[in-house]
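Comments concern the structure below.
Nothing in this text is a laboratory measurement; each read-out follows from the coordinates by a stated rule. None of these values were measured; they are calculated from a predicted model. Cβ atoms come from the backbone with ideal geometry, glycine included; neighbour counts cover every protein chain shown.
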Amino acid sequence: MAQQVPLVDYLVLGDNPHLEALECTQCGARYFDRRNACASCEGEDFKTVPVASEGEVKAFTIVSLAAPGIPVPFVAALVDCDGTSVRANVVSTDPDPDHVKLGMKVRLTTFPIGTDDEGTEAIGFGFEPA
Ligand SMILES: [Zn+2]
C-alpha cells in the first residue's frame, strides 16, 4: 500500500481519521494553526484535542471562480463540529443550494488528492452529507 501523508498537519489518518485542534488550557478556545498565544485570553499553554467528525453546516459559499487547475464550482463551508468551527469543503454532493443547506448534517471524509514522484499519496479532507 502506498504511503500516505495528510495534506494538513491537523488531519490524523488511520482507521478512524479525524481532525485535531489545539485547545487553550485556560479558556478552551480551539485553533487549527500553530500559535504562540491564545487570541481570546493570551494564554500560552495548549493541549491537542480530537475534534468531532460529525457536524453541521453553519455557513457556506458556492465558489465558482478559483485558480486554474481547481475544479469549480465547489462548496466552501464553515462546519460546526460539536462546538469547534472547521473550514472545509462540502464534497460528495452537487455544489448547489438544492443540495447544500444551512444546518445540514455532515461528517468528515478523507480522499487522495495527489501522489508525488516517490509514490507518497497526499490525503485531503472534506465533509460529506451524513
Ligand atoms: Zn485562551
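Structure values in brief
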read-out: Positive dipole terminus of segment 58-130, leading residue within G83, H99, P71 (C-beta point charges); value: G83
read-out: Local net charge near T25, Cβ-Cβ under 14 Å (Lys/Arg +1, Asp/Glu -1); value: -1
read-out: Across the chain: Cys residues that no other cysteine approaches within a C-beta distance under 4.7 Å; value: C81
read-out: Burial order of peptide ranges 37-44, 100-107 (average beta-carbon count within 10 Å, highest first); value: 100-107, 37-44
read-out: Segment 65-121, dipole about Cα centre (Lys/Arg Cβ +1, Asp/Glu Cβ -1), debye to the nearest 20; value: 360
read-out: Fewest-first sequence of D98, D15, D9 by Cβ atoms within 10 Å of each Cβ; value: D15, D98, D9
read-out: 20 Å Cα-Cα reach of K58 towards aspartates and glutamates, excluding residues that sit fewer than 8 places from it in its own chain; value: E20, D80, D82, D94, D96, D98, E128
read-out: If the convex hull is drawn through the Cα atoms of the chain, its volume per residue in Å³; value: 136
read-out: Shape category assigned to segment 53-130 from the gyration tensor of Cα positions, a/c cut at 1.5; value: oblate
read-out: Segment 32-48 - phi-based ³J(HN,Hα) in whole Hz, Karplus 6.51/-1.76/1.60, Gly and Pro as x; value: 9, 8, 6, 9, 8, 9, 5, 6, 8, 10, 6, x, 10, 10, 10, 10, 8
read-out: Only Lys, Arg (+1) and Asp, Glu (-1) charged, at Cβ; segment 17-56 dipole about Cα centre in debye; value: 100
read-out: Assigned charges on the beta-carbon of Lys, Arg, Asp, Glu; the chain dipole about Cα centre (debye); value: 380
read-out: Selection from C27, Q3, A39, by position along the positive dipole direction of segment 1-57 (Cβ); value: Q3
read-out: Cα-based Rg / Dmax (Å) for segment 21-70; value: 15.5, 43
